[in-house]
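The block underneath contains the structure these notes are about, expressed in structure tokens.
The values are calculated or read from the model by the stated rules, or taken from the named source; none is laboratory data. The model shown is predicted, which means the values in this text are computed figures rather than measured ones. Don't worry about glycine lacking a Cβ; one is built from the backbone with ideal geometry, like all the others, and counts go over all protein chains shown. Just the protein is used for accessible areas: all its heavy atoms, side chains included, with ligands, DNA and RNA removed. Shrake-Rupley method; radii C 1.70, N 1.55, O 1.52, S 1.80 Å.
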Amino acid sequence: MKQRWEIKKLGEVCKISPPKSEVRESSLNEKDMVSFIPMEDLGINEMYITPKKGKSLLDVVSGYTYFANNDLLLAKVTPCFENGKLGIAKNLYNEIGFGSSEYIVIRANDNSVKPEYVYYGLSSDIFRRQGAKLMLGASGLKRLPKDYVANYELRIPSIPEQERIVWILDSAFAKIEALRANAQQNLQNTKDLFQASLKQELTPKQKGKYKLAKDLFDIKTGKLNANAAEENGAYPFFTCSREVYAINQFAFDCEAVLLAGNNASGDFNVKHYKGKFNAYQRTYVITTKSNQTHCRILYYVLENYLSELKSMSVGANTKFLKLGMIENVQMPDFTLIEQQQVVEKLDTLIERCRAMEENYRQTITHCNALKQALLKKAFNGEL
């Protein structure tokens, strides 16, 4: 570490959770407009928060978290904290804002530390990993203790040195972000290309030439609980997760399409497998009724149909697919030869798309790793 750099706890150079009494002591009245920033407006990898909403002071002063211009907002609840929701409030109505009760507000002391320097210090994986281990509460609703933030240590150089480091990181991160955004867009373009090809290949040339899935397939479910998986089991165990688990007993020995029957957000998934396996009681196991229907054609039809299944799903906290929704899926009435031709085309395309997607994902991973490497150098005084 360079000379004249000090190690300080964040609470020594910042005010953590400024009091609402500041608002009451201001000249604002209850009808005055202030900014309102809900959790969904707090970005990831975005230093500054642009307020999109305004409310009267009366509407927000009691039930929401208070902050002012140049304060940092840190999401304290899972998974927002782990995802890196963090930003600096700017251009607030009447220089005051309110937002989610799940924020920890950090106000930098301008004589000691710049808010942009603190922002980069809290953008490190180290800060998030250590904090995640200390989160309190029930699974799925854990919160970061305020004391962790107050006691978190940063290396603090002089203000001019902080400004120099922030300038270097701003310039480097802008270039890295442009590369990451380009890879992200290419990734989405690849997915869109595959979906467009799916739709085209699965549309019969003769209009209206469809059959219902229930006429071509047998649809069952597994019988096991989701926690029946066994480490190093001999057979695949299909649940509603995208991940395939293992188990030591099999209940099916066939070629089948496996469709997730429930999902917290309605983002269902579909798999195709041939052999011995077992399945969770909410996983649909779909097999052909005759050798005139290609099982893999159903896999692609359901891939193409997932967004519609999501829109039809029912339930509040967890989204479910009912049997009738699947039975009434429309299957293109192709001959077996036509099915084989379509499957061959789509198999080739999906392999190419997956290879492209993997390249783009590696680029995104490398961009994130480069950012973390730069942050480590910056706060070790090596820039």
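So which of Ala373, Ala378 ends up being closer than 30 Å to Arg155 by Cα and more than 25 Å from the chain's Cα centre (by Cα)? If you could, list the steps in order and put the result at the bottom.
Numbers: Ala373 fails: more than 25 Å from the chain's Cα centre (by Cα).
On inspection, the qualifying residue turns out to be Ala378.
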Next item on the list: Of the conditions (1) open to solvent by 60 Å² or more (accessible area, probe 1.4 Å); (2) in a helix (DSSP H, G or I); (3) touching a Lys or Arg at 6+ places or on another chain (Cβ under 8 Å); (4) polar (S, T, N, Q), Thr365 clears all except one; give me its number.
Entry: (3)
Margin query: Looking at the structure I just gave you, is Met325 buried (at least 17 other Cβ atoms within 10 Å of the Cβ), free of Cβ contacts under 8 Å to residues at least 60 places away in the same chain and under 21 Å from Ala256 (Cβ atoms)?
Written below: yes
Notebook entry, point to check: So, in region 101-113, of the ones that are touching a helix residue (DSSP H, G or I) at 6+ places or on another chain (Cβ under 9 Å) and open to solvent by 50 Å² or more (accessible area, probe 1.4 Å), which residue ends up farthest from Ile16 (Cα to Cα)?
Noted result: Asn111
Next item on the list: For region 245-280, enumerate the residues that are over 15 Å from Glu303 (Cβ atoms), outside any strand (DSSP E or B) and modelled with pLDDT under 95.
Entry: Gly261, Ala264, Ser265, Gly266
Notebook entry, point to check: When only residues in region 328-338 that are surrounded by 14 or more Cβ atoms within 10 Å (Cβ to Cβ) and of a type in the set (A, V, I, L, M, F, W, C) count, which is nearest to Leu258 (Cα to Cα)?
Noted result: Val329
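Could you run through region 82-126 and say how many residues are of a type in the set (A, V, I, L, M, F, W, C) and closer than 15 Å to Asn45 by Cα?
Total satisfying the criteria: 5.
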Checklist line | region 217-239 - residue that is among the small types (Gly, Ala, Ser) and more than 26 Å from the chain's Cα centre (by Cα) and, of those, surrounded by the fewest Cβ atoms within 10 Å (Cβ to Cβ) | finding: Ala234
Checklist line | Scope region 166-187; condition closer than 27 Å to Leu306 by Cβ and surrounded by 12 or more Cβ atoms within 10 Å (Cβ to Cβ); matching residues | finding: Arg180, Ala181, Asn182, Ala183, Gln184, Asn186, Leu187
Notebook entry, point to check: Which pairs have Cβ atoms under 9 Å, sit 6 or more apart or on different chains, and link a residue in region 200-220 that is under 14 Å from Tyr300 (Cβ atoms) and polar (S, T, N, Q) to one that is open to solvent by less than 70 Å² (accessible area, probe 1.4 Å) and modelled with pLDDT of 90 or more?
Noted result: Thr203/Pro332
Checklist line | Qualifying position, being of a type in the set (D, E, K, R) and not in a helix (DSSP H, G or I), among Glu382, Glu358, Glu303, Glu351 | finding: Glu382
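Condition check ((1) out of contact with any Gly (no Cβ under 9 Å at 6 or more places or on another chain); (2) touching a residue at least 40 places away in the same chain (Cβ under 8 Å); (3) loosely packed, with under 12 Cβ neighbours inside 10 Å) across all residues:
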| site | (1), (2), (3) |
| --- | --- |
| Ser21 | yes, no, yes |
| Arg24 | yes, no, yes |
| Asn29 | yes, no, yes |
| Asp32 | yes, yes, no |
| Phe36 | no, yes, no |
| Met39 | no, yes, no |
| Gly43 | no, yes, no |
| Met47 | no, yes, no |
| Val60 | no, no, no |
Check: Among the residues of region 18-71, how many are farther than 11 Å from Phe98 by Cα, in a strand (DSSP E or B) and not aliphatic (A, V, I, L, M)?
Finding: 1
Next item on the list: State whether the residues of region 339-351 include one that is out of contact with any strand residue (DSSP E or B) (no Cβ under 9 Å at 6 or more places or on another chain), surrounded by fewer than 13 Cβ atoms within 10 Å (Cβ to Cβ) and under 30 Å from Val166 (Cα atoms).
Entry: no
Margin query: Take the residues in region 269-315 that are within 27 Å of Ile337 (Cα to Cα) and β-branched (Val, Ile, Thr); name whichever of them is most open to solvent (accessible area, probe 1.4 Å).
Written below: Thr288
Next item on the list: Test each condition in (1) outside any loop (DSSP other than H, G, I, E, B); (2) over 24 Å from the mean Cα position of the chain (by Cα); (3) polar (S, T, N, Q); (4) at pLDDT below 95 for Gln206 and report the one that comes out false.
Entry: (1)
